[in-house]
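Chemist: The structure is given below, and queries will be raised subsequently.
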Amino acid sequence: MRYQIPGTLVLALAMSQLAFADTYKKSPCNAVHWTHMLEGKILLEAHDRKPLDIESLSFNVHDLPPNHRILHVYDDEVADHRPDRLTIYVDRENIFMSAYCM
């Protein structure tokens, strides 16, 4: 049995997908790009020593854009909202969890 999907529903779904993709393209801090770059990586400061076997699993925080902040999951949320700032959440071991513009 084949299902018929009304044309207006297909058009509405297509438009919502385009709007969703367009929102990410216009993201002022490029959070989607940074999510892909940092996924599964450990964020390290420049002075942190890293063994050669985790070279591909780490990312130096000094390579992040100048307008960023890093919050740990146990940090209190601050109320200032700046949509052009990249906010990165890491866990207790400094492993990347998520990135947002805020």
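The values are calculated or read from the model by the stated rules, or taken from the named source; none is laboratory data. Just so it is clear, the structure is predicted and the values come from calculations on it, not from any experiment. Reconstructed Cβ throughout: ideal geometry from the backbone, glycine too, with neighbour counts over all protein chains shown.
Chemist: Output the qualifying pairs, or none if there are none: Cβ atoms under 6 angstrom, residues six or more apart or on different chains, first residue in the range 73-102 and within 12 Å of Pro28 (Cβ to Cβ), second residue part of a loop (DSSP other than H, G, I, E, B) and of a type in the set (Phe, Trp, Tyr).
Modeler: Nothing qualifies.
Chemist: Further, regarding this structure: For the range 65-81, give me each residue that is assigned to a strand (DSSP E or B) and among the charged types (D, E, K, R). First the steps, then the outcome.
Modeler: Applying the first criterion (assigned to a strand (DSSP E or B)) to the range 65-81 yields 68-72.
The answer is Arg69, and nothing else.
Chemist: Mind checking which residues of the range 30-62 are at pLDDT 90 or above and charged (D, E, K, R)?
Modeler: The answer is Glu39, Lys41.
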